[in-house]
Each structure stands twice: as structure tokens, then as C-alpha cells.
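The values are calculated or read from the model by the stated rules, or taken from the named source; none is laboratory data. These numbers come from a predicted model, not from an experiment. Quick reminder, even Gly has a Cβ in these numbers, built from the backbone with ideal geometry, and neighbours come from all protein chains shown. Protein only, heavy atoms only, side chains kept; ligands, DNA and RNA dropped before computing areas. Shrake-Rupley method; radii C 1.70, N 1.55, O 1.52, S 1.80 Å.
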Amino acid sequence: MAWPRAFAVLICAGAAVTLAGCVVLLVWFRDLDPWELVGVSAVLLPSIVLGLLIAVRRPHARIAPVLCLTGAVPLVIEFGDIYGAAFAAHPGVLPASGVLVGLSFGSWMLLYVPAAFVLLLFPDGRLPGPGWRIVAIGLLVVPVAFAALGTLDPAGFDEPYQDVPLPFGPAPDGLVPVAYALLPLFLALLVAAAAAMIVRYRRATDPVLRAQLRWFAL
């Protein structure tokens, strides 16, 4: 099996497991609101289905697993939100890992990463040029670094995990400004990813490719 198709199938399977986990929590804790999951699923499942369809029809299309990831990552974050709501509503029932809790507070950046990679890679799954590798690497490194710093927040964790201890202790004072500096850097990377579409469009000579880029931009 071609690796793009294999990754797309694997990501879709993970999304299905995550969605099932959300449903299990909602069934187990019937006092939780299910409508947020319904809304998130309605918005994100089309991206997963589209990626899977492309993977089936074009096994070597690199954009397929990226599209699947665009829908799967927010589902994982939604699972964390539902878990947090259950943790708050039913103290002492569910466990909480300091590492996972810390990482989850920086996970909001991951919502933007798959979409940014779609902008970078559409439609052929390749970057516009070698220089764009810096943007691609930055989109991976910055969210991971920001999430890692979330496990070291001197202020501790927010509700409902305020009683969960920091797994590695508070960060040194010098690391706190680093976390704030990552925010404008991440924004610059997202802007660069959007600019990649403009660069690709201006360089395109194939009318079909230009039409694809126009429809995608719309």
C-alpha cells in the first residue's frame, strides 16, 4: 500500500477511535452537553471523508493524509474538552496526568497546523520550493515547544486541573518570555503558509492548476 493512503487510513481509524471515545464519555456521564461534539463532527468529518476518498482514488496523493489530519486533530482536542468537563463534573472519578494536562493547554496551536500544511502542500503534496521547508519545520517545532512549556507553567494548571501538580516543576523565569515569543512566531508561520498559495498561483502556468488554486482559495 502506498504510504499516503496508508497514513490516511491510519489517521481515519484514529479519528474513529477518538470519536468513539467521545461518545463513550457522553454516554457514561449523561449530564454532559453532547451538542459541541455534534457541531465539531459536522464541520470536520467532511475533511476526513474527502481525504479518505482521495486516498482511495489516488493512493500516492500526499494531500490525502493532510486533509484527514485536518479533521482528526480537532476531534482529539474535543475529546480533551469532553474529558475535562467530565473531570470537573465528577471529581475523583477520572484520572489526570500532569504531562497530558500540561500538553493539552498548548494544544490549541495544533488546530491550525494541519490547515496550514494544506495551504503549503495543495494540490500536489509538495512545497512550493526548498526554502519553504523552514516554514514546514517551524509549524511542527513551535507548537510542540509551546505545548511542552505548558507543562512548566509557574502559575499551575487552570480549572478543572488546578489541583494536579506540575509534572516537572515550574519553569525557570527565563523560559516564560520564550513561551510568549512563540506566539507571534507562530502567527508569522501561518501567514507564510497562506502566502505559499499566492506564490504557487503566480508561478503556475497550467490552467487546470490555476483553476484548482482559485477554487481552493474560495
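For region 125-158, what are the residues that are over 19 Å from the mean Cα position of the chain (by Cα), in contact (Cβ under 8 Å) with a residue 24 or more places away in the chain and part of a helix (DSSP H, G or I)? Once the filter is applied, which keeps residues that are over 19 Å from the mean Cα position of the chain (by Cα), in contact (Cβ under 8 Å) with a residue 24 or more places away in the chain and part of a helix (DSSP H, G or I), region 125-158 yields only Trp132.
None of Pro177, Pro123, Pro154 is of a type outside the set (Gly, Ala, Ser) and open to solvent by less than 40 Å² (accessible area, probe 1.4 Å) except Pro123. Of everything in region 57-95 that is of a type in the set (D, E, K, R) and open to solvent by 30 Å² or more (accessible area, probe 1.4 Å), the residue that is nearest to Val40 (Cα to Cα) is Asp81. Residue pairs whose Cβ atoms lie under 9 Å apart, sitting 6 or more positions apart in sequence or on different chains, and linking a residue in region 30-53 that is part of a helix (DSSP H, G or I) to a partner that is among the hydroxyl-bearing types (Ser, Thr, Tyr), are Leu44/Thr70; Ser47/Thr70; Ile48/Thr70; Gly51/Thr70. On the given criteria, is Ala204 in contact (Cβ under 8 Å) with a residue 60 or more places away in the chain, farther than 20 Å from Val144 by Cα and among the hydrophobic types (A, V, I, L, M, F, W, C)? No. Annotation: of all residues in region 25-37 being open to solvent by 30 Å² or more (accessible area, probe 1.4 Å) and at pLDDT below 95, the one that is farthest from Ala15 (Cα to Cα) is Asp31. Of all residues in region 95-154, those that are under 18 Å from Leu175 (Cα atoms), out of contact with any Leu (no Cβ under 7 Å at 6 or more places or on another chain) and hydrophobic (A, V, I, L, M, F, W, C) total 6.
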